[in-house]
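Quick note: the coordinates plus some simple rules give every number you see, no bench work behind them. Remember, it's a predicted structure, so these values are computed and weren't measured experimentally. Glycine also receives a Cβ, built like all others from the backbone with ideal geometry; neighbour counts cover every protein chain displayed.
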Ligand SMILES: C[S@@+](CC[C@H](N)C(=O)[O-])C[C@H]1O[C@@H](n2cnc3c(N)ncnc32)[C@H](O)[C@@H]1O
């Protein structure tokens with residue numbers, strides 16, 4: 001039993017006795033996945049009491065109505081989530097996993113990606129940012145020479161907007177460095193009063209975006225959540241129900257490139273749950289690798305020795321995998337996952353199917369290929385549609401997304417502008433052009449593009465897909481646009 005249920009304040013007691021409390025609790029758990037609160041009524045009621053007092057809301061039914069309302073609902077849900085979520089985190093948390101990242105995973109991925117010179121890493125549930133920044137620090141200091149000139153992305157996502165704001169600032173108290181050597185901190189951070197500010201060279205490849213693991217479908221290239229080499233999701237699923245976790249694992253699997261790695265919290269290993277992955281044990285860490293073609297797996301190779309560094313000393317080499325571990329799982333796909341992406345696009349239909357795109361089914365194939373990180377095949381599929389239907393705005397849009405993933409800036413911008421030229425009503429090309437221009441420090445251009453996207457979204461129902469066939473909803477897009485507008489100073 002929680003401390004708060006033992007002797008609740010009158011406001012908390014009133015919430016616990018309120019007939020609408022169970023519905024409010026169900027909404028909170030359904031929105032965040034935090035089944036953690038299932039048996040913590042006292043804690044939840046205390047947080048609700050604080051929020052409701054702050055905005056002058058009298059009872060649970062009224063607050064429920066507000067959370068579900070079209071206008072203010074989203075902002076209030078964000079404010080509530082900011083109080084509900086637990087953001088405990090620090091730099092290089094659980095050293096053994098970072099050792100495995102440095103000694104096994106990064107050397108292997110970098111070697112494999114050498115021909116394409118790119119690297120995509122996702123920290124899902126990144127809280128205030130130490131996890132993605134730790135990865136960026138390791139990349140820069142340990143592998144900087146090997147990946148110089150590469151297109152590197154370290155993406156941190158979270159459901160808590162306040163955490164994301166702090167993550168973007170990159171300024172931390174002493175406590176965030178509790179296990180990091182002082183010398184390493186001094187090399188990577190600058191003093192900022194009583195805090196420490198991360199240096200720009202460790203920040204430039206790191207970006208942050210809102211993403212709710214429960215409500216935002218993934219993989220989704222249009223949402224920038226696809227085609228990762230490494231996914232780190234630590235100390236997040238511990239708050240979710242077993243059923244939720246089971247539905248997420250296939251999504252992580254699909255969001256990885258073939259050969260990509262999943263790192264979960266050190267206390268979360270589960271052979272059955274991750275059975276579709278190859279399990280790799282290193283001292284103090286259990287890692288999961290997506291292996292679509294087991295005979296081509298490369299983990300048995302000894303990792304190249306890392307260059308000298310000021311990070312903690314390397315671990316012994318991981319033991320070779322026991323025979324039989326490489327078999328891909330035969331487990332049936334779970335409910336959230338899309339059907340497996342075909343390894344080769346099926347022959348193009350002679351007549352384009354009806355739908356949002358002239359390219360019809362062929363476009364879906366291209367999008368699925370892109371969502372699963374098969375960039376070259378996705379590019380070829382888009383090019384084939386464009387050759388057949390040159391005015392297909394969607395084909396140009398997905399081609400732009402693939403250009404972006406390949407670090408091809410100029411063709412990416414051109415393809416986005418072409419998609420917009422061909423159909424000004426599509427929200428996603430405006431949004432992605434905004435992101436592109438923001439990255440290029442063209443704030444005025446970015447503001448224009450985000451405002452265009454905003455205008456197109458006006459009046460649409462939150463729950464409908466942002467564009468036909470897309471997984472992102474209008475509500476999610478609205479929120480993403482508003483956040484980016486704010487970041488570029490347009491709101
Ligand atoms: C304990 S922190 C973990 C931080 C970091 N991964 C680490 O291990 O140091 C858990 C994070 O998960 C986030 N979270 C909780 N529910 C989430 C959801 N449905 N989608 C995305 N993030 C979520 C919380 O906001 C919080 O920042």
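What translational D, rounded to a whole number of µm²/s, comes out for the range 93-219 from Stokes-Einstein when the hydrodynamic radius is the Kirkwood one over Cα pairs, at 20 °C and 1.002 mPa s? Please list the in-between numbers first.
Details: Rh = 15.3 Å.
It comes out at roughly 140 µm²/s.
After finding the eigenvalues of the alpha carbon gyration tensor for the range 3-84, what semi-axes result from the square roots of 5 times each, listed largest first in whole Å? Provide the component values of the computation, followed by the final result.
On the way: eigenvalues 69, 41, 24 Å².
Semi-axis lengths for the range 3-84 are 19, 14, 11 Å.
Which whole-number percentage describes the relative contact order of the chain, with Cα contacts under 8 Å and a sequence gap of 6 or more? Kindly include the intermediate steps, with their values, before the conclusion.
Details: 761 pairs, mean separation 56.1, N = 491.
11 percent.
Sort 431, 421, 398, 90 so that the residue with the fewest other Cβ atoms within 10 Å of its own Cβ comes first and the one with the most comes last.
Values: 431 25, 421 12, 398 29, 90 18.
Ascending number of Cβ neighbours within 10 Å: 421, 90, 431, 398.
Over the C-alpha atoms of the range 1-147, what are the Rg and the largest Cα-to-Cα span, Dmax, in Å?
21.6, 65
Evaluate Rg over Rh across the range 114-174, taking Cα atoms for both radii and Kirkwood's formula for Rh.
Working: Rg = 12.9 Å, Rh = 12.5 Å.
In the range 114-174, Rg relative to Rh is 1.03.
Using the Kirkwood formula on the Cα atoms of the chain, what hydrodynamic radius do you get, in angstrom to one decimal? Mind dumping the intermediate values first?
On the way: mean 1/r = 0.0417 Å⁻¹.
Its Kirkwood hydrodynamic radius stands at 24.0 Å.
Kindly state, to the nearest 0.05, the FRET efficiency for residue 391 paired with residue 487, given R0 = 45 Å and r defined as their beta-carbon distance. Kindly include the intermediate steps, with their values, before the conclusion.
On the way: r = 33 Å, r/R0 = 0.74.
E between residue 391 and residue 487, to the nearest 0.05, is 0.85.
State the Cα centre-to-centre distance between the range 32-97 and the range 246-264 in whole Å.
So the two Cα centres are separated by 27 Å.
Across the range 384-491, how large is the tail of the calculated P(r) beyond 15 Å, expressed as a percent of all Cα pairs? Working shown, then result.
Values: 3530 of 5778 pairs.
For the range 384-491, the share of Cα pairs beyond 15 Å comes to 61 percent.
Multiply the residue gap between residue 53 and residue 275 by 0.36 nm, knock off their C-alpha separation, and tell me the result in nm, one decimal place. Mind showing how you got there, number by number?
Details: separation 222, 0.36 × 222 = 79.92 nm, distance 4.66 nm.
The span from residue 53 to residue 275 would gain 75.3 nm if fully extended.
Only Cα pairs under 8 Å and at least 6 apart count here; give the relative contact order of the range 1-118 as a rounded whole percent. Show your work: numbers first, answer last.
Details: 66 pairs, mean separation 27.1, N = 118.
Here the relative contact order equals 23 percent.
Counting only helical runs of four or more DSSP H residues, what would the 222 nm mean residue ellipticity of the chain come to if each run contributes -39,500 (n - 2.57) and the total is spread over all its residues? Walk me through the numbers before you get to the answer.
Values: 19 runs with 211 residues, N = 491.
Theoretical 222 nm ellipticity from helices: -13000 deg cm²/dmol.
Assuming R0 = 41 Å, can you tell me the calculated FRET efficiency for the pair residue 179 and residue 116, based on Cβ-Cβ distance, to the nearest 0.05? Could the numbers behind the result be given before it?
Working: r = 34 Å, r/R0 = 0.83.
So, using R0 = 41 Å, E works out to roughly 0.75.
For the chain, what proportion of DSSP beta bridges, expressed in % and rounded to the nearest 5, is antiparallel? Working shown, then result.
Working: 15 of 35 bridges.
Percentage antiparallel, nearest 5: 45.
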